[in-house]
Amino acid sequence: MIGDESGVLARRLSRRRVLAAGVGALAVVCPAAAYARSYKDFAESLIGKLPQGASFRPDLEAELLRLANFYRNGRKLQQLEADDVFQVAARAQAADMMLNNFIGHRASDGTPFERRLRALGGNIQRFGTVGENAARDSKKTPVDVGKAAALFQQWVDSRPHRANLKKSDYAFAATGVVQRGTTIWAIQIFRGIERKGMFFGSGNATVNQ
């Protein structure tokens, strides 16, 4: 199933959502937002209380990062390093999608993408650019690297998701994969290199979904 979201949020927020079935990608430019402590608690509870029969798949998370780097290598783009900053954010959204039967970038409690990241990673302006791909593979196939490859292909076949994979500004990716039965839900959050100095927070972060 495939679902896409895209929008632009600069000084004034505007969004447009296109939904089909299974994949979600985002593109917005956003101003600073308040720190969302309540979402941080919500996200941590999602990770800590997976239902019986559900589990995170670190092996498939590593495989999706490998596939992203293989794709980028063929286009002579810098390789992405595994990112610890947004690992909780990636797993929490993957778990949220599983528990609440959706594909997208807004959490089930209404928290939008950029606020999710701020709640768990602080001021995202210091990264310059951030983005996210989301997808689900519900085919009754073995839950292995082949299934991860099929899910990854959804991103390659979708223009906004492919744009995230090809973005030269990205240097890190946090990947979350959760499995229940033969279905997997996946999130990949991208970010640029952290900028240092007193002026790093003076502009807007470019956010790509």
What order do you get for 167-176, 184-193 when each peptide is scored by the mean count of other beta carbon atoms within 10 Å, highest first?
184-193, 167-176
Using alpha-carbon coordinates alone, the radius of gyration and Dmax of the range 136-184 in Å work out to 12.3, 36
Rounded to the nearest whole number, the per residue volume of the convex hull around the C-alpha atoms of the range 41-155 in Å³ is 115
Please list 52-59, 156-163, 112-119 highest first by mean number of surrounding beta-carbon atoms within 10 Å per residue.
112-119, 156-163, 52-59
Percent of accessible area on the range 33-135 owned by carbon and sulfur, 1.4 Å probe?
49
Once the whole set of protein chains is in place, how much accessible area is left on E63, using a 1.4 Å probe, in Å² to the nearest 10?
30
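The values are calculated or read from the model by the stated rules, or taken from the named source; none is laboratory data. A quick note: this is a predicted structure, and the numbers were derived from the prediction, not measured. Virtual Cβ from ideal backbone geometry, glycine too; neighbours counted across all protein chains shown. We work out accessible area using only protein heavy atoms, side chains counted, and drop any ligands, DNA or RNA first. Shrake-Rupley method; radii C 1.70, N 1.55, O 1.52, S 1.80 Å.
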